[in-house]
Number of protein chains: 2
Amino acid sequence: MKLRNLFARNLKAARLLKGMSQEDLAYEAELDRTYISALERRIYSPSLDVIEKLSKALELDAYLLLMAPDKPD
Amino acid sequence: MKLRNLFARNLKAARLLKGMSQEDLAYEAELDRTYISALERRIYSPSLDVIEKLSKALELDAYLLLMAPDKPD
DNA sequence: ATGTGACTCCTAGTCCGTA
DNA sequence: GTACGGACTAGGAGTCACA
């Protein structure tokens, strides 16, 4: 599984869990709204600096965005 | 703590744990030796694609490279 | 076996729109 | 509120020579 795909899913899941829109997240993370959209659509391979901004905005540890959900199926 | 600094330390630690030189790792990850050196010196904020290559070469899960060591001092 | 400067090239990331 | 496009700029990707 491509890491950026996993990241994309985790990002969206974490965002929705926080009840934030892409716009909200973009504002909090000081990133562009359309870029958040692109990330969730797996367009880009974000840098650590971006991952750090996002994890802070989402109030979670960065490594959580790279973890596979423990689904035994 | 800047995420790229944490990553740099974890990368080096994981590499040494495997008994690999920067050259070895560069070869396995299909990256340039000097680029590995730069990463360990915190020059760059690597993208997920690079992190993926490195984690595969080091035979560990990518998220481990973003985790803070649990040192209570 | 690693650090560093000086490059070139290409993607990450921004900003403007429209639907 | 999100997807998607075009045009743009910043900075990462990748290489080389040399210490």
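Data for the structure
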| item | result |
| --- | --- |
| Qualifying residue in region A:51-69 (condition: part of a helix (DSSP H, G or I), surrounded by 14 or more Cβ atoms within 10 Å (Cβ to Cβ) and among the basic types (Lys, Arg)) | yes |
| Residue count for region B:17-27, restricted to those that are over 25 Å from A:ASP61 (Cα atoms) and either among the β-branched types (Val, Ile, Thr) or open to solvent by 60 Å² or more (accessible area, probe 1.4 Å) (or both) | 5 |
| Entirely in region B:1-45, the helices (runs of 4 or more DSSP H) that have 3 or more residues that are within 14 Å of another protein chain (Cβ to nearest Cβ) and more than 12 Å from DNA strand C (Cβ to nearest atom) | B:3-17 |
| Criterion: of a type outside the set (Lys, Arg) and in contact with a strand residue (DSSP E or B) (Cβ under 9 Å, 6 or more places away or on another chain) - qualifying residue of A:SER55, A:SER45 | A:SER45 |
| Qualifying residue in region B:28-45 (condition: under 21 Å from A:LYS2 (Cα atoms), at pLDDT 95 or above and surrounded by fewer than 15 Cβ atoms within 10 Å (Cβ to Cβ)) | yes |
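The values are calculated or read from the model by the stated rules, or taken from the named source; none is laboratory data. From a predicted model like this one, the values you see are computed outputs, not experimental measurements. Note that each Cβ is placed from the backbone with ideal geometry, even for glycine, and that neighbours are counted across all protein chains shown. Protein only, heavy atoms only, side chains kept; ligands, DNA and RNA dropped before computing areas. Shrake-Rupley method; radii C 1.70, N 1.55, O 1.52, S 1.80 Å.
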